[in-house]
Amino acid sequence: MTALDLICSGTAEQCRPWRRFSLPPEAWSAMIAALAESPEPVLLGLWADSQQIHALFRDATGALIGSVAVEGGRYPALSPVRPVASRPECMIRDLWGHIAVGGDERTWLDHGRWPMAHPLSPRPGLPGGAVEPPQFPGVEDPGATQVPLGPIHGLIDEPAHLRLVTRGDTVLRAEARLGYAHRGILALMRGKSPRAAARFIARLAAETTVAHSVAFARAAESALETPVPPRAVAWRTVMLEQEQIAGRLDDLARLADAAGMGPLHAALGEHRETLLRAAERAFGHRLMMDVVVPGGLAADIAPDGATALRQVGDGLAEALPSLRQRLDPLLGRLDGLGRIVSGSDAGGDAAARCAARLSGIGRSLDRLRAALDALPDGPVSAALPAASGEGLDCGDSQRGTVWHWLRLDHGQIAACFPCDPAWSLWPLAETAMAGESVAEEQMIRLSFGLPCAALDL
Amino acid sequence: MSWAWLRSRGASPAGPVDEATAASLAARLDAAAQTRLGRSLAIRHVNTGSCNGCELELRALRGVFYDLERYGLRFVESPRHADVLLVTGPLTRNLREALEAAFDAAPEPKWVVAVGDCAVDGGVFKGSYAVLDGTGAALPVDLTISGCPPSPARMLAGLHALLEANARPERPGRSTRASD
């Protein structure tokens with residue numbers, strides 16, 4: 001039996017539209033054994049609530065969750081067979097106190113500064129469990145030194161600590177430490193209505209605020225079986241594509257800036273700024289925060305919004321061939337840098353990741369203009385009942401697919417989790433840095449476009 | 001000493017970016033920086049747990065539309081080179097030490113600017129177990145620029161207020177941070 005078969009043999013829960021199965025402990029262990037045999041299925045995310053551990057896997061149609069009950073505060077770790085589960089397991093222990101048997105024992109979000117331990121547990125403990133600063137494993141090499149970078153680094157960046165083990169100019173091993181931007185979003189959302197909690201999701205990570213807001217809203221709407229008016233669906237598509245274009249332009253602009261290519265940086269920034277100004281005219285917010293809410297949209301779009309977005313889209317489509325040409329030197333600079341093997345968009349070298357962003361802009365522009373051409377009339381929101389239910393749904397961001405799961409109890413959030421694709425991007429970036437020059441750390445990091453806030457919660 | 005006037009000047013009503021305002025700001029900033037101040041201000045950005053929204057707008061501020069550097073305001077890599085600490089985020093407990101270290105490393109005289117609703121008072125994250133509700137919990141704040149995130153034009157207006165205040169003859173001495 002494959003791992004997916006084993007998951008589907010569990011008890012089906014009332015989760016919509018993607019399924020969730022509760023597994024008995026022996027089935028969970030059998031699933032781990034099956035995962036060890038094959039790289040499929042891919043683990044997309046891992047989180048918990050006060051009673052269960054939830055593992056999100058990709059399957060042929062989309063995704064599904066396998067859950068196991070936590071017994072005596074413990075559960076068998078997934079990280080030995082899926083290394084990408086390592087950080088989520090640390091996150092689960094820091095927030096809920098569930099221990100992954102066989103997993104990494106270092107703290108991740110908890111830096112020993114909170115007034116309590118395990119803030120999401122029904123019975124939070126006393127602080128003091130965190131060992132600070134964390135130990136970073138070295139390498140067996142007398143000539144090796146450790147280089148600490150961050151959490152404050154770069155000109156304008158997110159807080160992350162990167163520990164490089166180096167010999168001379170070469171990086172032998174890179175390891176990231178995150179959790180600096182932990183704001184306690186899950187605790188703030190608990191007990192609130194989806195509409196009230198959407199403000200926190202909109203501020204989970206600004207560069208993917210629409211993707212997270214849409215995924216969260218869809219999960220809530222599915223849980224409550226409330227269809228959204230077609231006009232809201234169409235506008236959400238426009239906003240998702242708009243956000244992806246702006247995000248990819250920002251990623252490319254930062255790479256150009258770091259490579260010292262001033263004019264290219266300026267040109268990319270100019271296109272991005274034009275997009276943001278059009279977004280402000282249409283949606284009243286440059287980054288489109290708080291526009292998507294569970295049930296539809298917070299308000300209808302400004303009357304001239306579609307025209308403004310259309311104009312900007314047409315202008316960018318026209319400029320795309322020349323931008324592609326001007327990116328050539330940057331692609332040459334990134335050629336062969338930070339090469340990894342991966343089936344995702346992040347695979348290949350930094351130049352490939354850069355080129356993928358440019359082609360992504362082209363695809364998004366096509367979808368954006370198609371959606372603007374077919375905007376239906378009608379209302380933009382539906383009322384959500386204060387009912388109970390469980391939902392799992394997704395939204396597309398420039399970093400990959402964002403998944404949101406939530407369980408509602410009489411209209412209030414009992415448990416929820418935003419699963420960002422960056423959970424799997426950081427380990428890839430660490431692998432990519434090994435063997436490269438220390439000086440290339442920033443370029444490799446930027447080529448992945450690594451967000452922190454979305455993981456720090 | 002009351003610095004409320006600084007806040008009121010920094011908090012211009014949000015709205016679409018107005019070309020005329022940006023142009024007039026450019027002229028006023030230029031005059032203040034060149035003739036009265038006679039030097040540039042170096043800014044070290046410190047992220048204390050922001051969602052990255054303020055960072056996106058700060059990066060726009062460096063772009064061709066706003067081009068912060070032409071006013072003599074520039075971002076630097078080290079707090080040791082900074083006149084201004086520009087702080088974003090609600091100040092997570094996990095970043096308090098880093099912020100204080102950056103402040104201690106910056107030479108006198110120095111200014112602290114809290115950018116965005118989070119840095120002003122914690123914003124939407126106010127009251128969470130993991131945040132300290134704004135920059136003011138750790139450092140003396142000289143100027144606040146509200147907004148979620150503040151638009152680049154609004155940030156520019158706030159920094160302009162700082163340049164003008166810096167040119168005033170009497171400047172308060174600021175060497176100590178808020179005690180625990």
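If you put +1 on each Lys and Arg Cβ and -1 on each Asp and Glu Cβ, how big is the dipole of the protein assembly as shown around its Cα centre, in Debye rounded to 20? Intermediate results must be reported in sequence, preceding the final value.
Details: 63 positive and 73 negative charges, 230 e Å.
With only Lys, Arg, Asp and Glu charged at Cβ, the dipole is about 1100 debye.
When the alpha carbon gyration tensor of region A:40-189 is reduced to an equivalent ellipsoid, its three semi-axes come out at 28, 21, 16 angstrom, largest first. Considering region A:142-249 at the alpha-carbon level, its Rg and Dmax are found to be 19.9, 65 Å. Figure legend: label point modelled 7 angstrom from the Cα of A:Arg190 along Cα→Cβ; residues of region A:115-135 with amide N under 11 Å from it are A:118-125.
From the square roots a ≥ b ≥ c of the eigenvalues of the alpha-carbon gyration tensor of region A:259-397, which class results: rounded (a/c under 1.5), prolate (a/b over b/c), or oblate? Here region A:259-397 falls in the oblate category. Binning all Cα-Cα separations of region A:3-101 at 10 Å, short to long from zero, yields these whole-percent fractions: 17, 55, 27, 1.
With coordinates expressed along the principal axes, the C-alpha atoms belonging to region A:322-457 extend over 55, 37, 22 Å, beginning with the largest. A cut-off under 14 angstrom between Cβ atoms defines the neighbours of A:Glu390, and their net charge, with Lys, Arg +1 and Asp, Glu -1, is -1.
Distances between placed amide hydrogens fall under 5 Å for A:Ser9 paired with no residue 5 or more residues away or on another chain.
Spin-label model, A:Ala356 to A:Ala33: label points 7 Å out along the Cα-to-beta-carbon direction sit 3.5 nm apart. Dipole check for region A:254-358: with +1 at the C-beta of Lys and Arg, -1 at the C-beta of Asp and Glu, and the Cα centre as origin, the magnitude is about 260 Debye.
Amide H to amide H, with H built 1.01 Å from N, A:Val293 comes under 5 Å of A:Ala298, counting only residues 5 or more places away or on other chains. Using only the C-alpha atoms, the convex hull of the protein assembly as shown corresponds to 155 Å³ per residue.
By the Kirkwood approach, averaging reciprocal distances over each pair of separate Cα atoms, region A:371-434 gets a hydrodynamic radius of 15.1 Å. Near B:Asp133: Cβ cut-off under 10 Å, other residues only, Lys/Arg at +1 and Asp/Glu at -1. The net charge is 0. In whole Å, how far is the Cα centre of region A:351-374 from that of region A:283-319? Distance between centres, Cα-based: 16 Å. For region A:185-437, the Kirkwood estimate of the hydrodynamic radius, built from every pair of different alpha carbons, is 19.1 Å.
Report the antiparallel proportion of the DSSP beta bridges in the protein assembly as shown as a percent, rounded to a multiple of 5. List each step's numbers first, then the result.
Details: 50 of 75 bridges.
Percentage antiparallel, nearest 5: 65.
Summing charges over all other residues whose Cβ lies under 13 Å from the Cβ of A:Arg74, with Lys and Arg as +1 and Asp and Glu as -1, gives -2.
Once both labels are positioned 7 Å from their Cα atoms along Cα-to-Cβ, the gap between A:Gln146 and B:Glu19 label points is 5.5 nm.
Could you give the distance between the Cα centres of region B:86-126 and region A:2-28, to the whole Å? For region B:86-126 versus region A:2-28, the Cα centre distance is 45 Å.
Helical runs (DSSP H, four residues minimum) scored at -39500 (n - 2.57) apiece and divided by the length of chain A put the mean residue ellipticity at 222 nm at -13500 deg cm²/dmol.
Test of understanding: given chain A, find the longest segment containing no GluC sites (Glu not before Pro) that are in a DSSP loop and have at most 16 other Cβ atoms within 10 Å.
Longest run free of exposed loop sites: A:226-457.
Here is the P(r) of region A:75-146: all C-alpha pair distances, binned every 10 Å from 0, give 20, 42, 28, 9, 1 in whole percents. Could you tell me the center-to-center distance, by alpha carbons, between region A:146-195 and region A:203-241 in angstrom? When both Cα centres are located, 27 Å separates them.
Any read-out appearing in this document is the output of simple, stated calculations on the displayed coordinates, not a laboratory observation. Values in this document were obtained by computation on a predicted structure and should not be read as measured data. With ideal geometry, Cβ positions are generated from the backbone for all residues, glycine too; neighbour counts draw on all protein chains shown.
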